[in-house]
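Each remark here refers to the structure printed beneath this line.
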Amino acid sequence: MKTETAVTKLCQSLKEDESYYISWKSNIAMAFYDEFYKTYPDNELAQIHTIANTAADNFLKLLINQNK
């Protein structure tokens with residue numbers, strides 16, 4: 001399978017399957033969250049979960065919209 005075909009299939013699956021979308025969003029958000037606290041271990045930013053989830057959602061929406 002060519003990369004372009006794989007990305008198209010991925011984007012289609014993300015649009016059509018809410019659970020699949022949520023699993024990708026959660027994994028991206030946690031990667032951001034973990035890196036944030038690894039880089040800034042003493043930071044007590046209360047909204048980091050919200051920021052991480054919004055960033056992940058924005059990333060996935062950009063991915064999906066770029067593949068129209």
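The values are calculated or read from the model by the stated rules, or taken from the named source; none is laboratory data. Computed from a predicted model, the values in this text were never measured in an experiment. Heads up, the Cβs are rebuilt from the backbone with ideal geometry, glycines too, and the neighbour counts pull from every protein chain shown.
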message: For segment 33-68, which positions are hydrophobic (A, V, I, L, M, F, W, C) and within 9 Å of the chain's Cα centre (by Cα)?
response: 52, 55, 56, 59, 60
- request: Give, as residue ranges, the helices (runs of 4 or more DSSP H) completely inside the chain that count at least 3 residues that are at positive phi.
  value: none
- prompt: Among 16, 35, which is the only one that is under 17 Å from residue 66 (Cα atoms) and out of contact with any Leu (no Cβ under 7 Å at 6 or more places or on another chain)?
  reply: 16
query: Of (1) small (Gly, Ala, Ser); (2) surrounded by 13 or more Cβ atoms within 10 Å (Cβ to Cβ); (3) at pLDDT below 95, residue 46 satisfies all except one. Which?
result: (2)
field: Boolean, residue 36 is among the aromatic types (Phe, Trp, Tyr) and modelled with pLDDT under 95
entry: yes
Residue match in segment 31-41 (condition: of a type in the set (A, V, I, L, M, F, W, C) and exposed (fewer than 12 other Cβ atoms within 10 Å of the Cβ)): no
